[in-house]
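Worksheet: one structure, shown below.
The values are calculated or read from the model by the stated rules, or taken from the named source; none is laboratory data. Only a predicted model underlies this, so the values are computations on that prediction, with no experimental measurement involved. Cβ placement follows ideal geometry from the backbone for every residue including glycine, while neighbour counts extend to all protein chains displayed.
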Amino acid sequence: MDDERSRPKVLLVDDEVEFLEATSRVLRRRELEVLTAASGEQALAVLASETVDVVVLDVKMPGMDGDEVFRRVRDEHPGLPVIMLTGHGTVPQAFQMSKDGVHDYLAKPFPPELLAAKVCEAAHRTGAHVDHDAAPGPGEAISVLLVDDEEELLESLKKVLSRRGFRVTTAKSGEWALQLLLSMDVDVVVVDVRMPGMDGLQLLQQIRNSFPDRQVILLTGYPSVETAVTGVKLGAAEYMTKPANVDDLASAIHRAWLERREAVDVGRRRAIDEILDRQPE
């Protein structure tokens with residue numbers, strides 16, 4: 001955000017004129033500077049001539065929909081925070097768009113104070129190629145830790161994933177999983193969201209803090225947009241509903257393994273560069 005401006009400037013994009021006018025009034029009363037656009041095309045034209053701090057964008061619009069507008073904004077204005085609004089959103093859509101770079105995702109209707117707070121948070125936010133055909137080398141297997149309090153599900157998933165070539169270990173609680181992570185190298189952790197004691201989101205937070213290169217896939221039988229967005233903000237690689245299709249889960253594990261491999265390679269290259277920089281010329 002431009003330091004010379006005392007108020008964040010937000011571009012509000014929605015084809016519902018009444019919603020635009022009412023929401024603009026609310027945001028202005030909260031000391032925000034507001035520009036409006038009634039279509040995706042109009043929004044892109046505004047961004048071509050105006051500098052804004054945040055874009056608030058409706059998903060469902062005629063013509064150029066919110067998803068297409070978001071991708072144009074991401075490509076043409078990298079780093080510009082986008083908050084998506086929808087009355088028709090789904091959990092997978094919320095998770096994927098969060099992964100793609102959406103700052104936040106709000107379901108209509110919402111309290112005006114919540115949108116104002118999200119805009120201010122986004123406005124103050126500070127602004128490597130992966131080979132998707134790669135596979136583990138000979139004698140190497142992707143190591144997976146399954147975490148769920150349902151023992152039958154654990155054993156069932158372990159069998160089917162093992163048959164697909166994964167090296168699978170199981171844990172019946174978040175606490176147990178953390179102990180295993182201290183003693184073994186795991187590529188991907190597949191975690192149930194709802195567990196007694198330490199739940200899946202709490203375990204995800206612990207893993208990100210203590211084992212930042214491990215990839216985490218969340219599974220849930222109770223999907224919600226809020227949990228999906230929280231999961232991606234905490235660093236989850238995927239968010240899937242139970243019972244998970246085994247082929248889809250196997251593909252998600254492979255994608256997460258690729259992300260971990262890329263992160264490890266980047267860290268290794270950075271460490272080598274730091275060593276070389278310390279060497280006398």
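Table for the structure above
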{"item": "Contacts under 6 angstrom Cβ, first residue in region 158-179 being under 16 Å from Ala244 (Cα atoms), partner of a type in the set (A, V, I, L, M) and assigned to a helix (DSSP H, G or I), 6 or more apart", "result": "Val160/Val246; Arg164/Ala250"}
{"item": "Unique residue being at pLDDT 90 or above and not in a loop (DSSP other than H, G, I, E, B) when the list is Ala45, Ala22", "result": "Ala45"}
{"item": "Every residue from region 153-174 that is loosely packed, with under 15 Cβ neighbours inside 10 Å and within 26 Å of the chain's Cα centre (by Cα)", "result": "none"}
{"item": "Thr51 vs. criteria surrounded by fewer than 17 Cβ atoms within 10 Å (Cβ to Cβ), of a type in the set (S, T, N, Q) and more than 18 Å from Pro109 (Cβ to Cβ)", "result": "yes"}
{"item": "Selection status of Gly66, at pLDDT below 90 and crowded, with 19+ Cβ neighbours inside 10 Å", "result": "yes"}
{"item": "Near pairs, Cβ below 7 angstrom, 6+ apart or cross-chain, from region 201-212 (surrounded by fewer than 16 Cβ atoms within 10 Å (Cβ to Cβ)) to any residue that is not in a helix (DSSP H, G or I)", "result": "Arg208/Gly235"}
{"item": "Single match in Gly197, Gly231 (criterion: at pLDDT below 95, small (Gly, Ala, Ser) and in a loop (DSSP other than H, G, I, E, B))", "result": "Gly197"}
{"item": "Residue match in region 136-152 (condition: closer than 25 Å to Pro243 by Cβ, at pLDDT below 95 and surrounded by fewer than 12 Cβ atoms within 10 Å (Cβ to Cβ))", "result": "yes"}
{"item": "Enumeration of residues in region 150-163 that are in contact with a strand residue (DSSP E or B) (Cβ under 7 Å, 6 or more places away or on another chain) and closer than 15 Å to Val191 by Cβ", "result": "Leu154, Leu157, Lys158, Leu161"}
{"item": "Looking only at region 176-223, and only at residues there that are touching a strand residue (DSSP E or B) at 6+ places or on another chain (Cβ under 7 Å) and charged (D, E, K, R), the one that is farthest from Ala250 (Cα to Cα)", "result": "Arg194"}
{"item": "Qualifying residue in region 73-83 (condition: in a strand (DSSP E or B), within 20 Å of Ala256 (Cβ to Cβ) and modelled with pLDDT of 75 or more)", "result": "no"}
{"item": "Looking only at region 20-39, and only at residues there that are touching a strand residue (DSSP E or B) at 6+ places or on another chain (Cβ under 7 Å) and of a type outside the set (A, V, I, L, M), the one that is nearest to Ala123 (Cα to Cα)", "result": "Glu33"}
